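Quick notes on the structure that follows.
Laboratory data are not the source of any read-out in this text; all were calculated from the coordinates shown. Keep in mind it's a predicted model, so treat the numbers as computed, not measured. Note that we place each Cβ from the backbone using ideal geometry, even for glycine, and neighbour counts take in every protein chain shown.
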Amino acid sequence: MLDFGCRREFALSVVDLIRRLANDLDFDEDRNWVSERGRIDDSHVRLNDARLGHLLDPALDGWSRQVDRFADRPLRCQIVLLKDRQNLPVEVVERNARQSFIHRRSCTRNKIANGPIIFSANFVLLAICFLATANEVPMFLINTNCAYKSALDQRDAETLGFAAAKDVERFLSYRKDNAETPLVALPNLAREIGVASIHLKDEGYRLGLGSFKALGGSYAVIRLALEEAERRLGRPVDVSELPTAEVAAVARTMTVACATDGNHGRSVAQGAQLVGARAAIFVHSGVSDERTAAIARFGADVIRVDGTYDDSVQEASRVAAERGWTIVSDTSWPGYERIPGLVMQGYTPIVREALRKLPEPPTHVFVQSGVGGVAAAVAGHLAVVLGEGRPIFTVVDPERAACIVESAKAGHPVRIQHGEPTVMAMLECYQPSLVAWRILARVADAFMTVDEEEAISVMTRLAWPVSGDPAIVAGESGGVGLAGLIKAVSEADVKAALGISPSSRVLVINTEGATDPARYEEIVGMSPAQVVARNLEKAQ
């Protein structure tokens, strides 16, 4: 059934229009709606071959004002045309009719995408049902937010801009374990799914932590330590002074804290160890013992919290406020944005390194999301760097923890209910970062979900790649962006909506390697070392 998302006020205006026409409405021989005033073409409502046409009348400007006023009150609707006042069988509009709508940007038309429309040829009664929520998580949504394609907020443009990204790379140059991560071409997989190229940025090699998170948390801790040293010493302090006794003495008085699914906590703990600060890392009940032990190896105090990631975020904030600790979170909330912004800023080298090595800029990018931080960092920096030439950007959520997709459907950040745990543990978040959402609302083009089977399948597919492609170790959350691409090309309507073609150049990010090696081997059937060894065998 075709699923249309619409706002209540807009839907009511549609009803008013059809009511005005209902008395003299009929179908012509081509199944177009007609009236005594003549054929109702695309400027009003059109049915042709069981497809719903556009609502594109410039006279709807008055409706636009209504929609704008209620833009933060999204609802879903059903339009049902009942035959002869009886509950008779009805004809269902075919799913791909949504192609008539999904590229529309204006809030006036509200990008109608997602809510069943059922009709019969002759009707008397028109019924509208509004549903505040839907049980089914949408698989794919085009960005319909009123902020879409507007300029980044000035704060975010500065956080993710040229100068900031360059500064992050300078900070990295002082890390003894710093090295650019591989950009891996997958030409045979590209050929198989029908695109020109696929390049995978492999963050499994980042700073010895096996995850892109190594960039953000540790960078934010270093920045905070330097800023505190500046405050106490009364002078500017450069990153080159980090090993000095003066700066170290200041850092030793600091305690940084965060909540984590695993990878961000390791990064914060590593950053604290680098500067000599104390770290307190809060982990929820779903974090594996292996990942917890990996955090503790950096000397951090690990604190278990019952519940979900969001529960651990709240507990970390509460305890930190009581004890005067500094929260270094990768998610943001009202009044707490700067430090999560620094964490996101720390991710910008992923984009800079990829663009330096790519033969041409990508046409499409698929990036997975938990609270949305890395997706927003990548999308935001690409928007700054490439401007109007930026690629089509798709955010990929776990189906069981789709807080970004649900926020996109609602038109504003929402907290979703905790359900069954997802294998994509590093992405199991139930409320988006406000800063990340502010960015994604403007520069993400689409949002989609992948399920458990698809996430596991891509892990195995990368470990046992298409003949000739290198094997890649991708953790449970690492290959989710690639899983989104594979799913998108398998769905004709999604593929068309995203403009994926044989000339498309796609960039994806393996956000983590085997951060839980035992779990990885259980899923893939090989250890990470065995997967890497397969590449050595091919080279010989």
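Quick notes
- Each residue of the stretch 332-346 was assigned a 3J(HN,Hα) from its phi angle through the Karplus curve 6.51 cos²θ - 1.76 cosθ + 1.60 (θ = phi - 60°); the sequence is 10, 8, x, x, 9, 10, 5, 5, x, x, 5, 4, 5, 4, x Hz, with glycine and proline shown as x.
- Neighbour-count order for T308, T331, fewest beta carbons within 10 angstrom listed first: T308, T331
- Linear extension gain, R297 paired with N188, 0.36 nm per residue minus alpha-carbon span: 35.3 nm
- Ranked by the mean number of other Cβ atoms within 10 Å of their residues, highest first, the peptides 359-372, 428-441 fall in the order 428-441, 359-372.
- Placing unit charges on the Cβ atoms of the charged side chains and taking the dipole of the stretch 364-493 about its Cα centre, the candidate lying farthest along the positive direction among G411, V480, A455 is G411.
- The separation of the stretch 396-432 from the stretch 438-514, counted between C-alpha centres, amounts to 17 Å.
- For the peptides 444-456, 399-411, 258-270, the ranking by packing is 258-270, 399-411, 444-456, with the highest mean count of neighbouring Cβ atoms within 10 Å listed first.
- Seen from every direction in turn and averaged, the convex hull around the alpha carbons of the stretch 418-540 projects onto 9.4 nm².
- Compactness of the stretch 213-340, expressed as Rg and Dmax over alpha-carbon positions, Å: 14.1, 44
- Interchain or long-range residues, amide H under 5 Å from K201's placed H: V184, V508, I509, N510
- Net charge dipole size for the stretch 213-340 [Lys, Arg +1 and Asp, Glu -1 on Cβ; Debye, nearest 20]: 300
- Averaging the sequence gap over all C-alpha pairs within less than 8 Å and six or more residues apart, then dividing by the number of residues, gives the stretch 213-340 a relative contact order of 26 percent.
- Ordered by the count of other Cβ atoms within 10 Å of each Cβ, fewest first, S197, S288 give S288, S197.
- Set of lysines near K166 by C-alpha distance (under 26 Å), chain-local residues within fewer than 8 positions excluded: K149, K176, K201, K213, K357
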